[in-house]
Structures are given as C-alpha cells and as structure tokens.
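Shown next, in structure tokens, is the structure this report addresses.
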Amino acid sequence: MFVDAGQPDDAKMAAMEAAFLPWVQQRLENETYLGWLASEGDRVVGGAGMWLMDFPPHFLHVEAVRAYLLNFYVDPEFRGQGLARMLLHTTMDEARRRGIDVVTLHASKFGRHLYEQNGFKQTNELMLRGAGVAPDQTVK
C-alpha cells in the first residue's frame, strides 16, 4: 500500500513494518483493531482496517470511543470495481452497529474522493512532529 502510494521500500519502511506488526497483533487480540479482506479465490485483492480508539467524552459526542479507518487498499488490478466502496461501507456498518458516532481517517490523494463522496469532511486537526523540541526551538 505505501510503496504503491510512492513511499520508497527502504529501511524506514522495514522499521515501520517491524513496529506495526506487534502493534496490530495486540489490537487484533483485544479486538480494538478490526480488519476486512476482499479476495478472489486464494488471492487477497483488498483490505481495510478500523481501530477502535479510547477517546474522552466530548461535547460533540459523549461516547468514549472513536473509530479510525486505516489500511484501505485495493490491488491496482482490481480497482474500479467498487471494492474500496464496499470495504468502506462494511467498516461504516460496523461502526454504526457499535454505536460509534465519530469516524476519522487520514486520506491519501487516491482515496480522498471516495471518502468525501461518503460524507467525510475536512476538519481543523493540527499535527506537531518532533514534539520533543521546545516550542521556541521550532523552525518558523
């Protein structure tokens, strides 16, 4: 998925994979990560994940959980057949079944249109990378 999106298959990718595997395995075991696969015969051609994140009750929603969608991917050979839409609807059905009101994700340029078509809106989220740097030491 990442290589297809333009990330080099390098040492950073290997480090990410090595860190991700135990992370996702633990969450699969405690059922806070749910995954779906689309296949043709024995071949996996697409997949999607949903992480059930503990989140403090908020004035917009009092539920103590949010769903975060990640790892959406469809093999290039199988794109344009509605698999990504089916995977998205499957994850959203599960979120509704669980009573989860807030679902978030970070879309690649490839998936943004699909998510926007299905009601996802841009938010005001901000991100700081290198949080160990004191605010007065950040580059302006």
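Computed values, structure above
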{"read-out": "One residue from E125, E94 being farther than 22 Å from L37 by Cα and either in contact (Cβ under 8 Å) with a residue 60 or more places away in the chain or in a loop (DSSP other than H, G, I, E, B) (or both)", "value": "E125"}
{"read-out": "Selection count where residues are surrounded by 15 or more Cβ atoms within 10 Å (Cβ to Cβ) and in contact (Cβ under 8 Å) with a residue 60 or more places away in the chain, scope region 73-91", "value": "1"}
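FYI, it's all coordinate maths here, none of it is from the lab. Model, not experiment: these values are computed from the prediction. Methodologically, a virtual Cβ is constructed for each residue, glycine included, from the backbone with ideal geometry; neighbour enumeration extends over all protein chains shown.
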